[in-house]
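Written below as structure tokens is the structure these notes are about.
The values are calculated or read from the model by the stated rules, or taken from the named source; none is laboratory data. What you see is a predicted model; the values in this text were computed from it and never measured. We place every Cβ from the backbone using ideal geometry, glycine too, and count neighbours over all the protein chains shown. Surface areas here come from the heavy atoms of the whole protein model, side chains and all, with no ligands, DNA or RNA. Shrake-Rupley method; radii C 1.70, N 1.55, O 1.52, S 1.80 Å.
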Amino acid sequence: MPKPTAHLGRIGVLWRGDEATRRSASPETSRFKAVFAALADAGVDAEPVVYEDDVFDAVRAKLTTLDGMLVWVNPIHEGRNRAHLDALLREVAARGVWVSAHPDVILKMGTKEVLHRTRTMSWGCDTALYRTAEAMRVDLPARLAAGPRVIKCNRGNGGQGVWKVETLAGPRNQPMVRVLDATKDASEELPLDEFLERCVDYFEDGCVIDQPFQARLREGVVRCYMVGDRCAGFGHQKVKALIDAPAARADAGPRLYTSNGDPRFQRLRRLMEDEWTPQLTSLLDIPQRDLPMIWDADFMLGPPGADGADSYVLGEINVSSVFPIPAEAPAEIARRVADRLRSNRIDAVN
């Protein structure tokens with residue numbers, strides 16, 4: 001396909017990296033090379049912007065020269081967070097640089113609190129939200145009495161701050177639990193009070209989320225990749241996280257990517273595009289045009305319905321740094337970026 005002759009604007013593709021990464025960064029060698037190529041084919045000039053807090057001022061100067069930004073930075077990475085970066089992105093966005101995903105949109109849909117805010121949707125379940133450690137101390141035991149629960153801190157990635165918790169027989173004055181950290185291979189048994197103490201620091205991020213453990217987790221997790229409000233592909237993975245059974249853990253493997261036309265997931269695609277994404281944007285007050293250029297939703301299988309069809313239970317939404325992505329996604333991202341730049345030009349003229 002010939003490249004367009006008219007260029008629509010300049011955007012940056014931003015990720016985190018040290019000085020060596022900054023020196024060697026190029027569209028052709030970065031992990032985002034397919035995104036760079038797709039943007040070029042769509043008539044968008046894109047260049048790498050490698051961020052770290054120690055080059056804050058230099059990055060700020062660079063961003064103010066651009067028409068837009070695509071950002072891939074995890075909320076937590078090697079002990080560092082996005083506080084300074086998010087402040088910078090808000091600043092340049094206020095000056096008219098389009099940013100995806102905008103930090104305010106990430107706070108609405110990319111934290112675990114979204115599981116509570118959307119619990120009444122058909123992807124929801126019996127989800128509790130604790131604003132304080134004391135509220136969790138009071139309410140969690142009754143919920144555990146009904147079965148295993150999954151505790152999630154509000155912000156994190158890679159399974160950090162996610163636990164499966166279930167009660168054990170023990171003395172009445174010292175309830176015992178079995179806990180499995182999503183980043184670990186083996187569970188441990190300890191007093192409930194000790195586990196609650198481990199969670200105290202999570203409240204610095206605003207809240208802790210509590211969901212019932214989904215018994216079909218061992219069958220795998222389906223990740224639905226979205227570009228704006230349209231599905232761009234799927235990933236299916238048999239996981240180890242929160243799985244106790246050795247046989248099920250042995251069956252775990254890498255995420256397998258597939259296109260949005262995969263017949264196994266067409267019902268999920270229709271639900272995401274036609275029902276859930278419109279409900280999500282309405283509940284969270286996110287204009288459709290501000291949806292991230294790339295985001296994903298992880299689903300576990302819930303109980304089958306009366307017709308035998310699988311139900312889906314939302315486990316999390318990822319917005320900050322969605323990568324790797326299906327092979328078809330870069331072209332969809334580029335198309336949506338080009339549309340946004342055209343729209344911005346029209347708005348500027350009017």
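Please find, within segment 65-95, the residue that is nearest to residue 204 (Cα to Cα) out of those that are open to solvent by 60 Å² or more (accessible area, probe 1.4 Å) and either assigned to a loop (DSSP other than H, G, I, E, B) or among the acidic types (Asp, Glu) (or both). Within segment 65-95, the match that is nearest to residue 204 (Cα to Cα) is 79. Scanning segment 208-260 for residues that are hydrophobic (A, V, I, L, M, F, W, C), touching a helix residue (DSSP H, G or I) at 6+ places or on another chain (Cβ under 6 Å) and closer than 20 Å to residue 320 by Cα yields 208, 209, 224, 227, 231, 232, 234. Here residue 36 clears all of (1) touching a residue at least 12 places away in the same chain (Cβ under 8 Å); (2) farther than 19 Å from residue 325 by Cβ; (3) not in a strand (DSSP E or B) except the condition numbered (2). Of the set (1) in contact with a strand residue (DSSP E or B) (Cβ under 9 Å, 6 or more places away or on another chain); (2) open to solvent by 30 Å² or more (accessible area, probe 1.4 Å); (3) charged (D, E, K, R), all apply to residue 149 but (2).
Here the condition is being touching a strand residue (DSSP E or B) at 6+ places or on another chain (Cβ under 9 Å), open to solvent by 20 Å² or more (accessible area, probe 1.4 Å) and not in a strand (DSSP E or B); of 155, 223, 178, it holds for 155 alone. Pairs linking a residue in segment 214-235 that is touching a residue at least 12 places away in the same chain (Cβ under 8 Å) to a residue that is open to solvent by less than 10 Å² (accessible area, probe 1.4 Å) and among the hydroxyl-bearing types (Ser, Thr, Tyr), with Cβ atoms under 6 Å and 6 or more positions apart or on different chains, are 229/277; 232/225; 233/225.
Counting just the residues of segment 181-204 that are in contact with a strand residue (DSSP E or B) (Cβ under 7 Å, 6 or more places away or on another chain) and either β-branched (Val, Ile, Thr) or open to solvent by 70 Å² or more (accessible area, probe 1.4 Å) (or both), which one comes out farthest from residue 145 (Cα to Cα)?
Quick first cut of segment 181-204, residues in contact with a strand residue (DSSP E or B) (Cβ under 7 Å, 6 or more places away or on another chain) only: 181-182, 187-192, 195, 199, 202.
Now narrow it down to the ones that are either β-branched (Val, Ile, Thr) or open to solvent by 70 Å² or more (accessible area, probe 1.4 Å) (or both): 188-189.
Numbers: 188: 19, 189: 16 Å.
Residue satisfying both the conditions and the ranking: 188.
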